[in-house]
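The values are calculated or read from the model by the stated rules, or taken from the named source; none is laboratory data. Keep in mind it's a predicted model, so treat the numbers as computed, not measured. Note that we place each Cβ from the backbone using ideal geometry, even for glycine, and neighbour counts take in every protein chain shown. Protein only, heavy atoms only, side chains kept; ligands, DNA and RNA dropped before computing areas. Shrake-Rupley method; radii C 1.70, N 1.55, O 1.52, S 1.80 Å.
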Amino acid sequence: MFRLRLDPAQWRWGLQFLWECRRSRVHHNMVQMLNLGKFSRETFIALREQTGIDYQQLSRGIVTLLWSQQEVDEAAHTAAVMQQFGVNKRLITVEELAALEPALA
């Protein structure tokens, strides 16, 4: 829950947050998030190997549904950037999704 107050730190944080939401910062911030995600994944893999944790882990990916052509175009651009960082993000059709995850058919 966010409660607006007369707190300079809160206002500074809010302005910094808005500054980072600018279109010109999207690429930089995406790269930072990809690097953090890659580090987290590698650290978690190492932790599993070191501790011998065994569980029914699934790593089949994340589905994002897109509703407009603009969203599809933006997602295609994002996927291309992410692939440069080794992330296998791609656009698939409804039929391909149903083949990958029959429960969604």
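Working carefully through the options Leu47, Leu15, Leu58, Leu36, find the one that is out of contact with any helix residue (DSSP H, G or I) (no Cβ under 8 Å at 6 or more places or on another chain), open to solvent by 60 Å² or more (accessible area, probe 1.4 Å) and in a loop (DSSP other than H, G, I, E, B).
Working: Leu47 fails: in a loop (DSSP other than H, G, I, E, B); Leu15 fails: in a loop (DSSP other than H, G, I, E, B); Leu36 fails: in a loop (DSSP other than H, G, I, E, B).
Being out of contact with any helix residue (DSSP H, G or I) (no Cβ under 8 Å at 6 or more places or on another chain), open to solvent by 60 Å² or more (accessible area, probe 1.4 Å) and in a loop (DSSP other than H, G, I, E, B) holds for just one of Leu47, Leu15, Leu58, Leu36, which is Leu58.
Within the range 78-90, take every residue that is free of Cβ contacts under 8 Å to residues at least 24 places away in the same chain and surrounded by 12 or more Cβ atoms within 10 Å (Cβ to Cβ) and give me the one that is farthest from Asn29 (Cα to Cα).
Arg90
Looking at Leu97, Leu58, Leu47, Leu66, can you tell me which residue is free of Cβ contacts under 8 Å to residues at least 40 places away in the same chain and within 26 Å of Arg23 (Cα to Cα)? Break it down stepwise before answering.
Numbers: Leu97 fails: within 26 Å of Arg23 (Cα to Cα); Leu58 fails: within 26 Å of Arg23 (Cα to Cα); Leu47 fails: within 26 Å of Arg23 (Cα to Cα).
The unique qualifying residue is Leu66.
For the range 18-33, which residues satisfy the criterion of being part of a helix (DSSP H, G or I) and of a type in the set (A, V, I, L, M, F, W, C)?
Going through the range 18-33, the residues part of a helix (DSSP H, G or I) turn out to be 18-20, 23-33.
Hits for the range 18-33 are Leu18, Trp19, Val26, Met30, Val31, Met33.
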